[in-house]
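The block underneath contains the structure these notes are about, expressed in structure tokens.
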Amino acid sequence: QVQLVESGGGLVQAGGSLRLSCAASGRTFSNYAMAWFRQASGKEREFVAGFNWSAGTTVYASSVKGRFTISRDNAKNTVYLQMNSLKPEDTAVYYCAAARAVSGWRPSDFGSWGQGTQVTVSS
């Protein structure tokens with residue numbers, strides 16, 4: 001298992017930007033598929049963005065495509081989520097997740113999770 005710790009959440013006005021970080025430790029980071037999920041109050045956890053490492057591609061939820069960018073720095077064992085043009089509906093707890101192999105982008109496809117970081121977007 002890989003251990004994950006998120007940071008970078010906070011309160012921002014609509015239209016603003018935040019960058020989330022996820023620091024990984026415990027296993028060879030570069031061998032893992034990484035993703036970001038989010039969970040708004042009273043709603044199910046949903047996929048936001050991820051790396052299909054074996055295919056060398058990135059995947060985004062339609063609700064964030066064009067506004068959010070996922071990136072990773074294997075030398076620093078860190079994955080980032082740059083969030084621009086934030087909207088109130090982006091308010092949620094954001095989680096970083098890791099998987100040994102990508103079989104899908106559902107929460108159940110990922111075995112390692114961080115503790116989450118709160119993002120609040122005010123209107």
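Derivation of every value follows stated rules applied to the coordinates shown; laboratory data play no part. Note that the coordinates shown come from a computational prediction; the quantities given were computed from them, not determined experimentally. Positions of Cβ are generated from backbone atoms using ideal geometry, with glycine treated the same way; all protein chains shown enter the neighbour counts.
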Practice problem: Read phi for every residue in the stretch 14-26 and hand back ³J(HN,Hα) as whole Hz from Karplus 6.51 cos²θ - 1.76 cosθ + 1.60, θ = phi - 60°, with x for Gly and Pro. | Solution: 3, x, x, 10, 9, 10, 8, 10, 9, 8, 10, 8, x
Self-check item: Karplus (6.51, -1.76, 1.60) ³J(HN,Hα), θ = phi - 60°, over the stretch 111-123, in Hz, Gly and Pro reported as x
Solution: x, 10, 9, x, 7, x, 9, 7, 10, 10, 10, 8, 8
Quiz item: Which whole-Hz ³J(HN,Hα) couplings does the stretch 94-99 yield from phi under the Karplus relation 6.51 cos²θ - 1.76 cosθ + 1.60, θ = phi - 60°, glycine and proline marked x?
Solution: 9, 10, 9, 9, 9, 9
Quiz item: Based on Cβ point charges of +1 for Lys and Arg and -1 for Asp and Glu, what charge dipole magnitude is obtained for the chain about its Cα centre, in debye rounded to the nearest 20?
Solution: 140 debye
Quiz item: Taking R0 as 22 Å, what's the FRET efficiency between R67 and V5 from their Cβ-Cβ distance, rounded to 0.05?
Solution: 0.35
Self-check item: Distant-in-sequence amide H partners of S112 (H built 1.01 Å from N, under 5 Å)
Solution: A98
Quiz item: Measuring from a point 7 Å past the Cα of K87 along Cα-to-C-beta, which residues in the stretch 30-63 have an amide N at less than 12 Å?
Solution: 62-63
